[in-house]
Amino acid sequence: EIIRNRLKIVSAVNNAKLFLDIQSEFGSFDNYIWRFVNGKTIYNQWSHISELPCETDESRALSADLKKRGFKFVGPTVMY
């Protein structure tokens, strides 16, 4: 009863299966994720919390790729 949206529970199981597919395809999920930042850590230095974006080009690209692979509830804000 804590999670009121049954679709989120179903998607968690589905996403876990797809996660394993990505691990198999790329050798690790880590290898897959680093592709979206060209293998380099992004260092942000925001002066104020108001400067912090809700999403980035990288999070939009990651979200789109995960959705294309069948993942659910992986929007760009969540991925950021």
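The values are calculated or read from the model by the stated rules, or taken from the named source; none is laboratory data. Being a predicted model, the structure only gives us computed values, none of them experimental. Neighbour counts are summed over all protein chains in view; Cβ atoms, including those assigned to glycine, are modelled from backbone coordinates with ideal geometry. Heavy atoms of the whole protein, side chains included, go into the accessibility calculation; ligands, DNA and RNA do not. Shrake-Rupley method; radii C 1.70, N 1.55, O 1.52, S 1.80 Å.
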*Quick check, is Ser28 under 10 Å from the mean Cα position of the chain (by Cα) and polar (S, T, N, Q)?*
no
*Check region 37-53 and report whether any residue there is assigned to a helix (DSSP H, G or I) and open to solvent by less than 80 Å² (accessible area, probe 1.4 Å).*
yes
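Take Ser59 and tell me if it is among the hydroxyl-bearing types (Ser, Thr, Tyr), modelled with pLDDT under 95 and either within 12 Å of the chain's Cα centre (by Cα) or exposed (fewer than 15 other Cβ atoms within 10 Å of the Cβ) (or both).
No: the conditions fail for Ser59.
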_Looking at region 15-34, can you tell me whether even one residue there is in contact with a Phe, Trp or Tyr (Cβ under 8 Å, 6 or more places away or on another chain), open to solvent by less than 90 Å² (accessible area, probe 1.4 Å) and not in a helix (DSSP H, G or I)?_
no
*Go through region 62-80 residue by residue and tally those that are surrounded by 14 or more Cβ atoms within 10 Å (Cβ to Cβ) and outside any helix (DSSP H, G or I).*
7
*asked:* Could you list, ordered by first residue, the pairs with Cβ atoms under 6 Å in which the first is in region 15-37 and modelled with pLDDT of 95 or more and the second is among the hydroxyl-bearing types (Ser, Thr, Tyr), at least 6 apart or interchain?
replied: Ile22/Tyr32; Phe26/Tyr32
